[in-house]
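Worksheet for the structure shown next.
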Amino acid sequence: MKTSKIALVTGGSRGIGKNIALSLAQKGIQVVLTYHSNQAEAQATVAEIEALGQKAVALPLNVADSSSFGAFSQQVIAALQTGFDIDRFDFLINNAGTSLSAPIAETTEAQTDTPAMREFVASITALGRVGLPDDVGGVVAFLCSEEAKWVNGQRIEVTGGMNL
Ligand SMILES: NC(=O)c1ccc[n+]([C@@H]2O[C@H](COP(=O)([O-])OP(=O)(O)OC[C@H]3O[C@@H](n4cnc5c(N)ncnc54)[C@H](OP(=O)(O)O)[C@@H]3O)[C@@H](O)[C@H]2O)c1
């Protein structure tokens, strides 16, 4: 019997991570997702994944607190055992966090403000806007699928053409 693969999606409860988690579930992949503070939204995403016929569990994680990573990895091991009866996952989707594509010397205080950052990102993107969740999830799900099995060791930008 073919066993479903499992992906760990950090920040998978909403936004881009949620779109990734749902896109993976549509490809037949089971999901361990994380959230930071909104457990109810995480459980709603779990329910959406289950409605697609895949198993899912949600765990809390704060990527800004590296001292919690040891305990988090133990929670992942326990969740895999309890929820999936297995001791491994197949894909790590390291989505939670923040990013800004600019040299540090050229980064202004305003760019750390979200609306200003979105405007800045749109201004350096060929397609003229910031990415939306639906722009990203399908690409990640494809890369985790059998169709992408010969894509290996690559750095693939999903940015709408940033800095072209
Ligand atoms: N949106 C864009 O255009 C864009 C462009 C380039 C890169 N990115 C990157 O793509 C990723 C996702 O973007 P997004 O806009 O979907 O993110 P977001 O809305 O800021 O975050 C969504 C997810 O991250 C969780 N989260 C928030 N703070 C966290 C923390 N300290 N530790 C762990 N999880 C945390 C949230 O959980 P709670 O709801 O429970 O707080 C939620 O699950 C980010 O790394 C971002 O930098 C986004």
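Looking at the chain, identify the longest residue range that excludes and avoids all trypsin sites (Lys or Arg not before Pro) in DSSP loops having at most 14 other Cβ atoms within 10 Å. Before the final figure, lay out the partial values.
Numbers: sites that count: 2, 88, 129, 149, 155.
Result, exposed sites excluded: 3-87.
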Choice from 122, 148, 105 with maximal GNM fluctuation in the chain (Cα, 10 Å cutoff):
105
Using Cα atoms only, what is the angle between the long axis of helix 114-123 and the major principal axis of the chain, expressed in degrees (0 to 90) to the nearest 10?
70
Using a Gaussian network model on the chain with a 10 Å cutoff between Cα atoms, which of 70, 17, 131 fluctuates the most?
70
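With r as the distance between the Cβ atoms of residue 86 and residue 114 and R0 = 45 Å, compute the FRET efficiency 1/(1 + (r/R0)^6) and round to 0.05.
Values: r = 38 Å, r/R0 = 0.85.
Efficiency, from the Cβ-Cβ distance: 0.75.
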Quick one: which residues, 5 or more positions from residue 59 or on another chain, have an amide H under 5 Å from its amide H? H modelled 1.01 Å from N in the peptide plane, none for Pro or chain starts.
33, 34, 35
Could you state the angle between the C-alpha long axis of helix 69-79 and the longest principal axis of the C-alpha atoms of the chain, as a value from 0 to 90 degrees rounded to the nearest 10?
40
Please give the length that would be gained between residue 40 and residue 71 if that part of the chain were fully extended, namely 0.36 nm times their separation in residues minus their C-alpha to C-alpha distance (nm, one decimal).
9.0 nm
In Hz, Karplus ³J(HN,Hα) per residue of the range 143-151 (6.51, -1.76, 1.60; θ = phi - 60°; x = Gly, Pro)
5, 8, 9, 4, 4, 9, 5, 9, 8
Mean-square fluctuation check for the chain, GNM, Cα pairs under 10 Å: which of 107, 82, 45 is largest?
107
Around residue 41 (Cβ within 12 Å, Cβ-to-Cβ, excluding residue 41; K/R +1, D/E -1) the net charge comes to +1
Note to self: C-alpha centroids of the range 111-141 and the range 4-48 sit apart, in Å, by 21
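No value in this document is a laboratory result; all are computed from the given coordinates. Everything numeric in this text was worked out from a predicted model, so none of it was measured. Here the Cβ is made from the backbone with ideal geometry for all residues, glycine too, and neighbour counts use every protein chain on show.
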